[in-house]
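Bear in mind these aren't lab numbers, they're just calculated from the coordinates by the rules spelled out. None of the values given here were measured: they were computed from a predicted structure.
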Amino acid sequence: MAAMSKTEIRRFLMHGAFTGKLATVREKGGSHVVPIWFVVDDKNSKRGIGDIVLTTGSE
């Protein structure tokens, strides 16, 4: 399998919405599940792709 170029990686990351679920177990054994997604932040990128920031908020 060939390695993806920086352009291909960025295109893949920016296409559609990638969501997941982050689950933890509380102290008393109950579960807590929240939706999680990511955004690509170019502000401090040193690799030319952007940093992937995981978030549970809308901003």
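Taking only C-alpha pairs under 8 Å that are 6+ residues apart, what is the relative contact order of the chain in percent? Provide the component values of the computation, followed by the final result.
On the way: 68 pairs, mean separation 15.9, N = 59.
Worked out over the chain, it gives 27 percent.
How large is the direction-averaged shadow of the alpha-carbon convex hull of the chain, in nm²?
6.3 nm²
Which lysines have a Cα lying under 22 Å from the Cα of K43, excluding residues fewer than 8 positions away in the same chain?
Within the straight-line cut-off, K43 pairs with K6.
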